Structure formats: C-alpha cells, structure tokens
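Asks: Could you have a look at this structure, given as structure tokens, before my questions?
The values are calculated or read from the model by the stated rules, or taken from the named source; none is laboratory data. This structure is a prediction, so every number in the text was calculated from the model and none was measured. Note that we place each Cβ from the backbone using ideal geometry, even for glycine, and neighbour counts take in every protein chain shown. Areas reflect the complete protein model, heavy atoms only, side chains present, ligands, DNA and RNA absent. Shrake-Rupley method; radii C 1.70, N 1.55, O 1.52, S 1.80 Å.
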Amino acid sequence: MSGLVHYNSPIGKLALYSNGDAIYKVLFDAQEKQADTPDTITIECKKELEAYFQGKTERFTVPLAIEGTAFQKKVWQLLMEIPYGSSISYGELATRLGDIKAIRAVGTANGRNKIPILIPCHRVIGKDGSLTGFAGGLDKKEWLLRHEGTIQGKQMHLF
C-alpha cells in the first residue's frame, strides 16, 4: 500500500508520498492529476507539516524512507542534525562529514534530497550567506529560513 496527499502549504502545493511505512518523497508545486490516496503516514506527515508551518513544532517524527548512496545518506543524516533556526555553509557540512574537499559532492547530495523540509536541506547556505540551490526555488528557501527565524530583514541575498 502506498499513499499520496496534496497539501496547500504557505509555500505552495506539496505532494507527500509514502510507501505505506514511511515518507519517501515530497514534491514542490505538485501538478499531478493523481487523486489523493491518503494513508496513515501521509495523513500524519500533513499534520506535522501543518504544525510546522503554524510555528507549533520544530521537528518531524514521521518515518522517512531514505534512499540513496551511502555518501548521500551520510549527508542527509547531517542535514537532520542542523537545529531548527540555524544554518550552515556547504563547506561546514563537508567539514562535518570529514572532508572539506567534498564541498561539491555535498552540494550535489543536498540537491538530490527527495524529502525536503523534513530533511532540512534549506538550512545549507553559501559561505558568504547567499541562498544557493534549492529544488523548490530560492524564494521558498528564503521563506523557510525566515519562518524558522534564521534570517530577518535583508541579511542574506539571493543568487
């Protein structure tokens, strides 16, 4: 059994996909014509996202089905360790991984995250404070960082 729920979030329509046991994908600006097929996992995920967007929670507990290479999984695990309201640079993420020379590989792995928001790839920024790379668009990345209180005013700039 698998599930699909569309959710009209403050940053646009999201499609939440489950394999019946865990969320395996979150898509931005979902345009599919597929009808919702909710299951307990997608319903719980939608509730947690609603609480997040309402400022009532800072973390997610819904199970995730993380599929990728061993390297990608290490990067995504580190992303989940970045506290709410914080951000780090790609270089810092590579350093935490144990190899500062892996900056590009870290960026690539970050970009291949299929479960954005729940695995908070939006919390990774350029070392100069620029907002770079985000599958949902930089406007959504900026919104998420402002929502979490990471940035205020015009401290960061979009590229």
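Asks: Roughly to the nearest percent, how much of the accessible area of the chain is carbon and sulfur, given a 1.4 Å probe?
Replies: Of all accessible area on the chain, carbon and sulfur atoms account for 50 percent.
Asks: If you count only protein heavy atoms with a 1.4 Å probe, what accessible area per residue comes out for region 40-159, rounded to a whole Å²?
Replies: In whole numbers, region 40-159 has 52 Å² accessible per residue.
Asks: With a ≥ b ≥ c the root eigenvalues of the C-alpha gyration tensor of region 70-140, is it rounded (a/c under 1.5), prolate (a/b larger than b/c) or oblate?
Replies: It is rounded, given that a/c, with a ≥ b ≥ c, falls under 1.5.
Asks: Let me ask something else about it. Quick one: dipole size for the chain, taken about the Cα centre, charges +1 on Lys/Arg Cβ and -1 on Asp/Glu Cβ, in debye to the nearest 20.
Replies: It comes to approximately 400 debye.
Asks: I've got another one for you. Report the gain in length on full extension from Asp139 to Gln152: 0.36 nm times residue separation, minus Cα-Cα distance, nm rounded to one decimal.
Replies: Extending this stretch completely gives an extra 3.3 nm.
Asks: What are the GluC sites (Glu not before Pro) within region 1-57 that DSSP puts in a loop, where the Cβ has at most 16 other Cβ atoms within 10 Å?
Replies: Passing sites in region 1-57 are Glu32.
Asks: Among the lysines, which fall within straight-line cross-link reach of Lys56, defined as a Cα-Cα distance under 29 Å, with same-chain neighbours fewer than 8 residues apart omitted?
Replies: Counting by Cα, and skipping residues close in sequence, Lys56 has these lysines nearby: Lys13, Lys25, Lys46, Lys47, Lys73, Lys74, Lys114, Lys140, Lys141, Lys154.
Asks: Restricting to DSSP loop positions (anything but H, G, I, E, B) with no more than 16 other Cβ atoms inside 10 Å of their own Cβ, which GluC sites (Glu not before Pro) remain in region 56-151?
Replies: Passing both the DSSP loop test and the Cβ count: Glu58, Glu67, Glu81.
Asks: Residues with beta-carbon under 9 Å from that of Tyr90, excluding Tyr90: net charge, scoring Lys, Arg +1 and Asp, Glu -1?
Replies: +1
Asks: Quick one: among Lys114, Lys73, Lys101, which has the greatest mean-square fluctuation in a GNM of the chain with alpha-carbon springs under 10 angstrom?
Replies: Evaluated over the chain, the most mobile residue of the options is Lys101.
Asks: Using a Cα-Cα cut-off of under 16 Å, which aspartates and glutamates could be cross-linked to Lys101, ignoring same-chain neighbours fewer than 8 residues away?
Replies: Hits, sequence-local ones excluded: Glu92.
Asks: Now a separate question. Which angle from 0 to 90°, rounded to the nearest 10, does the C-alpha axis of helix 70-80 make with the longest principal axis of the chain?
Replies: 90 degrees
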